[in-house]
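Values in this text are rule-based calculations from the coordinates and carry no lab data. It should be emphasised that the depicted structure is a prediction, and the values quoted were computed from it without experimental measurement. We place every Cβ from the backbone using ideal geometry, glycine too, and count neighbours over all the protein chains shown.
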Amino acid sequence: MTKSTFSMIFASFLIFSSSSLFAEEQQSYGSKVGNKALNGLSNIFTAVLEIPKNIINTTNDSNIAYGAVGGLAKGTLNTAGRLFSGVADLITFPIPTKPIAQPVYVWDDFDVDTTYGEVFRLDE
């Protein structure tokens, strides 16, 4: 009897632990929508940080003169890109899609150049 009780407890532990692991991997619709809205707002308000980020990164890749001029131009373009992707995320926040700008936030991977991925791919 104790062996069957132990087996049942062990089996129920496996079932509940696997379902809790699956629940942690999936996000609810509300959390996806909320994350997208906050992502859009943060991209709108922090888009200007692309300018110093690109000046620093371009200076580190080349020299100070090219870093100042080229980084300013590149930062201005990425500021516009992050601003418009933030507006798009904020307008379409009820539809949970993957982020457009990578890295998702300006301060994530500060030494990595910003890229823009596939637009409006559903987040599964």
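Determine the shape class of the range 28-116: with a ≥ b ≥ c the square roots of the Cα gyration tensor eigenvalues, call it rounded for a/c under 1.5, and otherwise prolate if a/b is greater than b/c, oblate otherwise. It comes out prolate by the Cα gyration axes.
Note on Gln27 and Val48: with the Förster distance fixed at 22 Å, the Cβ-Cβ geometry gives a FRET efficiency of about 0.15. Contact order, relative form, for the range 28-116: 38 percent (alpha carbon pairs under 8 Å, 6 or more residues apart, mean separation divided by residue count).
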